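The values are calculated or read from the model by the stated rules, or taken from the named source; none is laboratory data. What you see is a predicted model, and the numbers here were worked out from it, not measured in a lab. FYI the Cβ positions are ideal-geometry reconstructions off the backbone, even for glycines, and counts take in every protein chain you see.
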Amino acid sequence: MSELPPDLPRLRTVVPYLRRELVRAERALTIVEEREALAAQRRPLPEPPAWLIERGIEVGRLPVRVHAGGCWDARKRCTGMSMDEARRALAEGVQACPHCRPDAALGME
């Protein structure tokens, strides 16, 4: 550790400087602690569903299309479903999305 100056005038210069540096370090510490506390409070996003069913806009809201979970063409009217439900919907004639091709992914081409 470096030694402090032995004379009074230089010590009177060093002490206020060190106080200011201590205040800066304490502020930086507070900012980082607050940031880490906020990050710890955030919950990870849930996994998206592997398969989606898109419903129509008419009154009955019948299924109109099956999508893979990450399909870019999936719309707001989509809800998650299981692999078995996706297979069943495709077998019952619900259209497969032409972009994500869930029928191919499920081996039902």
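Quick check: is even one residue across region 79-86 among the charged types (D, E, K, R) and either in a loop (DSSP other than H, G, I, E, B) or modelled with pLDDT under 90 (or both)? No: region 79-86 contains no residue that is among the charged types (D, E, K, R) and either in a loop (DSSP other than H, G, I, E, B) or modelled with pLDDT under 90 (or both).
Annotation for region 20-28: no member residue is surrounded by fewer than 10 Cβ atoms within 10 Å (Cβ to Cβ), of a type in the set (Gly, Ala, Ser) and farther than 30 Å from Met83 by Cβ. When the residues of region 45-69 are filtered to those that are assigned to a loop (DSSP other than H, G, I, E, B) and of a type in the set (A, V, I, L, M), the one that is nearest to Ala91 (Cα to Cα) is Leu62. Residues of region 45-52 include at least one that is in contact with a helix residue (DSSP H, G or I) (Cβ under 7 Å, 6 or more places away or on another chain) and at pLDDT 90 or above.
Residue check: is Leu29 outside the structural domain of Gln95 (by TED's automatic domain parsing), over 17 Å from Cys97 (Cβ atoms) and under 19 Å from the mean Cα position of the chain (by Cα)? When the stated conditions are applied, Leu29 does not pass them. Of the residues Arg75, Arg35, the single one that is free of Cβ contacts under 8 Å to residues at least 60 places away in the same chain and either over 26 Å from the mean Cα position of the chain (by Cα) or assigned to a helix (DSSP H, G or I) (or both) is Arg35.
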